[in-house]
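A.B. asks: First, the structure itself, so that you have it in front of you.
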Number of protein chains: 2
Amino acid sequence: MSELISRAAELDAADELAGLREKFVLDDAVYLDGNSLGALPAAVPGRVDDVVRRQWGSLRIRSWDESGWWTAPERIGDRIAPLVGAAAGQVVVGDSTSVNVFKALVGAVRLAGAGAGADAGADAGGGAGGGAGAGRDEILVDATTFPTDGYIAASAARMTGCSIRPVTPAEVPGALGPRTAAVLLNHVDYRTGRLHDLPGLTAAVHEAGAYVVWDLCHSAGALPVGLDQHGVDLAVGCTYKYLNGGPGSPAYLYVRRDLQSRFDSPLPGWNSHAEPFGMRSEYTPASGALRGRVGTPDILSMLALEAALEVWDGVPVESVRAKSLALTDFFLECVASYVPEGLVESLTPVAHAERGSQVALRCPDAGDVMKRLIESGVVGDFRSPDVLRFGFTPLYVGFRDVERAARVLGDVLRGVLG
Amino acid sequence: MSELISRAAELDAADELAGLREKFVLDDAVYLDGNSLGALPAAVPGRVDDVVRRQWGSLRIRSWDESGWWTAPERIGDRIAPLVGAAAGQVVVGDSTSVNVFKALVGAVRLAGAGAGADAGADAGGGAGGGAGAGRDEILVDATTFPTDGYIAASAARMTGCSIRPVTPAEVPGALGPRTAAVLLNHVDYRTGRLHDLPGLTAAVHEAGAYVVWDLCHSAGALPVGLDQHGVDLAVGCTYKYLNGGPGSPAYLYVRRDLQSRFDSPLPGWNSHAEPFGMRSEYTPASGALRGRVGTPDILSMLALEAALEVWDGVPVESVRAKSLALTDFFLECVASYVPEGLVESLTPVAHAERGSQVALRCPDAGDVMKRLIESGVVGDFRSPDVLRFGFTPLYVGFRDVERAARVLGDVLRGVLG
């Protein structure tokens with residue numbers, strides 16, 4: 001046991017990202033729930049206070065120009081872009097992840113059917129298949145995905161004359177075909193922490209002539225995504241997990257540059273108009289990423305996110321990934337050492353290429369176990385029916401945290417299950 | 001001139017709402033742009049700081065329960081409900097106005113077609129008209145409306161197999177017919193300040209067997225709406241104008257209680273699931289107003305709004321309306337006195353029954369005139385091509401403000417146009 005403690009201290013001493021912890025407000029607990037809600041970056045409270053008191057309270061409407069409110073969605077998008085491997089001008093921030101899944105998936109179906117009647121409404125007489133056009137009328141959806149993606153995908157399918165086919169990511173290559181319009185996939189599974197093969201699956205979807213939408217909620221900010229490099233079509237993600245934007249901070253939408261002029265949003269609000277203050281009755285979409293905007297941006301949440309993203313200045317995602325893998329490796333090692341054999345089973349792949357930044361352990365009475373862990377100062381979360389979920393945010397979690405978490409877990413499990 | 005000044009002082013002295021001004025952060029300017037962005041309520045900065053530092057920074061994920069984050073959309077909806085004449089349980093807060101227009105209008109079309117194939121996707125083989133079912137395939141949209149409503153309505157029509165027909169509110173009764181599925185109307189016109197006949201138009205839509213969606217952006221918080229009393233089907237509105245929720249604060253959706261079980265949202269995110277944490281792959285909608293929720297609520301913006309709404313405690317909307325009409329009456333009187341004849345023309349109806357809480361004046365060089373007004377401490381806004389827009393928020397605008405605004409306007413107009 002003391003060997004692991006001294007190893008943890010050595011690893012912390014060698015950690016080039018260790019200094020970033022000071023940029024967050026943390027307490028004595030080991031916080032391993034940053035994959036649900038990221039910790040508060042120290043820069044946020046002062047920034048939000050300035051936004052409220054000076055920008056809103058004093059400048060009021062002048063802030064739409066003078067404080068950069070109007071351009072915040074694309075400006076903050078450009079701040080997120082390098083974290084997901086995107087060049088500037090392709091990411092826009094706003095709305096919830098669910099709303100962005102809807103935009104992206106309907107957009108993908110319309111891209112697939114472009115030239116043959118954009119959707120069911122535009123070609124109401126076309127009968128089955130008229131929706132996606134060109135005979136493409138099926139959306140493949142990761143069946144293991146976070147449920148909202150499936151619910152929204154079903155709505156997108158229904159409203160574009162498509163059908164939904166639930167598959168696992170492994171089944172995607174075999175399920176692709178001439179009927180496939182779009183595929184919605186999760187980069188990292190929210191439950192198991194499994195990392196899926198974004199480059200390989202994207203290539204397979206493209207080979208079948210379809211379009212892919214990646215949900216990056218559980219990967220962005222924890223590992224390199226490489227959207228541009230791998231030719232991803234569209235992507236969405238939240239900002240309140242590894243990006244620490246705050247509770248319900250706005251999500252983002254990526255549309256690859258060469259698809260932007262054909263991106264046809266199902267939510268063409270006035271913020272996406274080429275001339276939003278022209279107040280014209282005809283809709284003319286803006287060019288670029290801001291075509292993905294909808295209504296007036298929620299400035300308080302959005303500018304809190306902007307302040308939160310400043311911790312990333314000069315932090316390479318590759319270093320974050322290296323530390324993330326070291327943290328989860330060390331956690332698995334400590335769990336193997338501290339937890340009596342057979343009490344837990346890891347759902348998270350051992351192979352680095354298949355692991356996100358979390359470890360999911362299955363055990364009986366997991367809800368009760370997590371309650372006791374939290375009482376003992378180790379905060380993860382419970383996912384029904386039997387999963388203990390531990391997220392490792394490399395910006396503020398250290399190796400001593402990891403050792404302590406595993407040690408407390410061993411104690412709790414011996415108490416509850418032993 | 002001095003007669004108007006002393007009249008203003010008398011009116012202020014008799015104003016039972018005058019004390020509410022202290023609950024806002026204001027400066028020496030006359031702020032007549034609360035119909036664009038409401039002034040900062042004094043309770044907001046402290047509340048937001050608590051949300052950021054304690055609820056997020058210290059309690060973190062525990063706040064979803066302990067700080068009431070999870071239930072905020074319906075709790076704050078219930079706080080807005082009496083301001084729009086709705087009993088509890090029918091209003092939910094979240095997303096932008098544009099997104100809520102989409103939910104409401106698609107929902108209305110589906111209500112109209114219920115029992116005959118809910119939309120184009122569900123009945124892809126049905127051909128033209130299969131969208132709304134029962135032969136109802138047309139959406140009437142107020143052609144004078146704020147543009148985003150028209151853009152979103154066009155998308156809702158396209159995605160449900162309907163067509164759009166732009167009409168003025170006055171043309172609605174004549175345009176209604178057996179093909180009408182839904183009608184989208186603005187309660188108060190954003191440009192002219194004209195108040196439309198919500199009870200009469202709602203009754204006409206119902207007589208034609210269609211469903212009505214009212215956009216309350218420019219009426220809620222300034223005058224009684226009476227949603228329940230007049231049997232309105234669905235309504236949406238923003239919260240950053242007369243409700244003072246802050247820049248881009250979340251909008252709201254009203255679905256009348258007896259329609260809720262048939263309300264079929266096009267954005268069925270996990271927050272609207274009957275059991276959101278069950279993480280089930282099948283979608284089962286929640287009952288009640290929260291069926292209108294979508295994704296994770298933007299807590300910072302939402303709880304700022306909640307604090308902002310506290311100024312309404314014990315304030316009857318009827319008193320607000322009485323003061324609003326007195327303010328705009330007095331403004332028109334002062335303008336008639338201070339502005340040389342023929343320099344401006346009012347677009348706002350004189351009849352109380354047709355007037356919202358703003359006055360729109362048309363004049364040449366309106367953009368330049370507004371710039372000089374703002375430099376002289378009178379803040380309204382300019383709407384292309386030739387409109388000076390002045391909004392009167394009865395909670396914090398007084399009669400001396402009104403007199404001063406008209407007097408400065410006269411000075412500026414004589415300088416620019418005289």
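The values are calculated or read from the model by the stated rules, or taken from the named source; none is laboratory data. Note that the coordinates shown come from a computational prediction; the quantities given were computed from them, not determined experimentally. Virtual Cβ from ideal backbone geometry, glycine too; neighbours counted across all protein chains shown. Each accessible area value is taken on the protein alone, full model and side chains, heavy atoms only, with ligands, DNA and RNA left out. Shrake-Rupley method; radii C 1.70, N 1.55, O 1.52, S 1.80 Å.
A.B. asks: Can you say whether A:Asp49 is under 19 Å from B:Asp298 (Cα atoms), out of contact with any strand residue (DSSP E or B) (no Cβ under 7 Å at 6 or more places or on another chain), surrounded by fewer than 18 Cβ atoms within 10 Å (Cβ to Cβ) and not basic (Lys, Arg), as far as the supplied structure shows? Walk me through it before giving the result.
C.D. replies: Values: under 19 Å from B:Asp298 (Cα atoms): yes; out of contact with any strand residue (DSSP E or B) (no Cβ under 7 Å at 6 or more places or on another chain): yes; surrounded by fewer than 18 Cβ atoms within 10 Å (Cβ to Cβ): yes; not basic (Lys, Arg): yes.
So A:Asp49 passes the test.
A.B. asks: Here are the criteria: (1) in contact with a Ser or Thr (Cβ under 9 Å, 6 or more places away or on another chain); (2) more than 8 Å from chain B (Cβ to nearest Cβ). Tell me which single one A:Arg257 does not satisfy.
C.D. replies: That leaves (1) as the condition not met.
A.B. asks: Among (1) assigned to a helix (DSSP H, G or I); (2) within 14 Å of chain A (Cβ to nearest Cβ); (3) closer than 16 Å to B:Gly245 by Cβ, there is one condition B:Asp95 misses while meeting the rest; what is its number?
C.D. replies: (1)
A.B. asks: Right, next: Would you confirm whether any residue within the stretch B:340-349 is among the polar types (S, T, N, Q) and in a strand (DSSP E or B)?
C.D. replies: First pass over the stretch B:340-349, keeping only residues among the polar types (S, T, N, Q): B:346, B:348.
Restricting the remaining residues to those that are in a strand (DSSP E or B) gives B:346.
Yes: the stretch B:340-349 contains one or more residues that are among the polar types (S, T, N, Q) and in a strand (DSSP E or B).
A.B. asks: I'm told B:Gln260 meets every condition in (1) surrounded by 24 or more Cβ atoms within 10 Å (Cβ to Cβ); (2) part of a helix (DSSP H, G or I) except one. Can you identify the failing condition by its number?
C.D. replies: Evaluating B:Gln260 over (1) surrounded by 24 or more Cβ atoms within 10 Å (Cβ to Cβ); (2) part of a helix (DSSP H, G or I) leaves (1) as the failure.
A.B. asks: To continue, here is another question. Within 18 Å of A:Ala87 (Cβ to Cβ), of a type outside the set (S, T, N, Q) and under 20 Å from the mean Cα position of the chain (by Cα) - does that describe any residue in the stretch A:238-246? Give the steps one after another, and end with the answer.
C.D. replies: Pass one, the stretch A:238-246, residues within 18 Å of A:Ala87 (Cβ to Cβ): none.
Taking every residue of the stretch A:238-246 in turn, none turns out to be within 18 Å of A:Ala87 (Cβ to Cβ), of a type outside the set (S, T, N, Q) and under 20 Å from the mean Cα position of the chain (by Cα).
A.B. asks: Here's another thing I want to ask about it. Looking at A:Pro173, A:Pro224, which one is under 13 Å from A:Val141 (Cα atoms), at pLDDT 95 or above and open to solvent by 10 Å² or more (accessible area, probe 1.4 Å)?
C.D. replies: Values: A:Pro224 fails: under 13 Å from A:Val141 (Cα atoms).
Selected residue: A:Pro173, the only one of A:Pro173, A:Pro224 that is under 13 Å from A:Val141 (Cα atoms), at pLDDT 95 or above and open to solvent by 10 Å² or more (accessible area, probe 1.4 Å).
A.B. asks: Given (1) over 25 Å from A:Tyr240 (Cβ atoms); (2) more than 14 Å from chain A (Cβ to nearest Cβ); (3) in contact (Cβ under 8 Å) with a residue 60 or more places away in the chain, identify the lone condition not met by B:Ser287.
C.D. replies: Just one mismatch for B:Ser287, condition (3).
A.B. asks: Just a yes or no: is a residue in the stretch B:50-71 over 14 Å from the mean Cα position of the chain (by Cα), within 12 Å of chain A (Cβ to nearest Cβ) and within 30 Å of B:Gly150 (Cα to Cα)? It would help to see each step written out before you state the result.
C.D. replies: To start, the set of residues in the stretch B:50-71 that are over 14 Å from the mean Cα position of the chain (by Cα) comprises B:50-71.
From the residues that got through so far, the ones that are within 12 Å of chain A (Cβ to nearest Cβ) too are B:50-64, B:67-70.
Of the ones still in play, those that are also within 30 Å of B:Gly150 (Cα to Cα) are none.
Within the stretch B:50-71, not a single residue is over 14 Å from the mean Cα position of the chain (by Cα), within 12 Å of chain A (Cβ to nearest Cβ) and within 30 Å of B:Gly150 (Cα to Cα).
A.B. asks: Hey, another quick one. Exactly one of (1) within 14 Å of chain B (Cβ to nearest Cβ); (2) open to solvent by less than 10 Å² (accessible area, probe 1.4 Å) is unmet by A:Lys241. Its number?
C.D. replies: If we test A:Lys241 against (1) within 14 Å of chain B (Cβ to nearest Cβ); (2) open to solvent by less than 10 Å² (accessible area, probe 1.4 Å), just (2) comes out false.
A.B. asks: Residue check, A:Asp298 against (1) surrounded by fewer than 20 Cβ atoms within 10 Å (Cβ to Cβ); (2) within 14 Å of another protein chain (Cβ to nearest Cβ), all met but one. Which one?
C.D. replies: It is condition (1) that A:Asp298 fails.
A.B. asks: Looking at (1) surrounded by 24 or more Cβ atoms within 10 Å (Cβ to Cβ); (2) out of contact with any helix residue (DSSP H, G or I) (no Cβ under 8 Å at 6 or more places or on another chain), which is the only condition B:Thr284 fails?
C.D. replies: Against the list (1) surrounded by 24 or more Cβ atoms within 10 Å (Cβ to Cβ); (2) out of contact with any helix residue (DSSP H, G or I) (no Cβ under 8 Å at 6 or more places or on another chain), B:Thr284 comes up short only on (1).
Yes/no per residue for (1) away from chain A (no Cβ under 14 Å); (2) farther than 19 Å from B:His187 by Cα:
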| residue | (1), (2) |
| --- | --- |
| B:Ser324 | yes, no |
| B:Phe331 | yes, yes |
| B:Pro340 | yes, yes |
| B:Val344 | yes, yes |
| B:Ala351 | yes, no |
| B:Leu373 | no, yes |
| B:Gly380 | no, yes |
| B:Pro385 | no, yes |
| B:Ala405 | yes, yes |
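A.B. asks: Here is a further query. Can you find a residue that is without any contact (Cβ under 8 Å) to a residue 60 or more places away in the chain, on the phi > 0 side of the Ramachandran plot and in a loop (DSSP other than H, G, I, E, B) anywhere in the stretch B:225-236?
C.D. replies: yes
Residues checked against (1) β-branched (Val, Ile, Thr); (2) open to solvent by 10 Å² or more (accessible area, probe 1.4 Å):
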residue: B:Thr145; (1), (2): yes, yes
residue: B:Ile152; (1), (2): yes, no
residue: B:Val183; (1), (2): yes, no
residue: B:Arg191; (1), (2): no, yes
residue: B:Trp214; (1), (2): no, no
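A.B. asks: What are the residue pairs meeting all of these: first residue in the stretch B:256-277, first residue of a type in the set (Lys, Arg), second residue surrounded by 24 or more Cβ atoms within 10 Å (Cβ to Cβ) and not in a helix (DSSP H, G or I), Cβ atoms under 8 Å, and 6 or more apart or on different chains?
C.D. replies: That search, which allows pairs on different chains as well, returns B:Arg256/B:Gln90; B:Arg256/B:Leu227; B:Arg256/B:Val232; B:Arg256/B:Asp233; B:Arg256/B:Leu234; B:Arg257/B:Gln90.
A.B. asks: Report, by residue number, each residue of the stretch A:382-418 that is open to solvent by 40 Å² or more (accessible area, probe 1.4 Å), touching a residue at least 40 places away in the same chain (Cβ under 8 Å) and part of a loop (DSSP other than H, G, I, E, B).
C.D. replies: A:Leu417, A:Gly418, listed by residue number.
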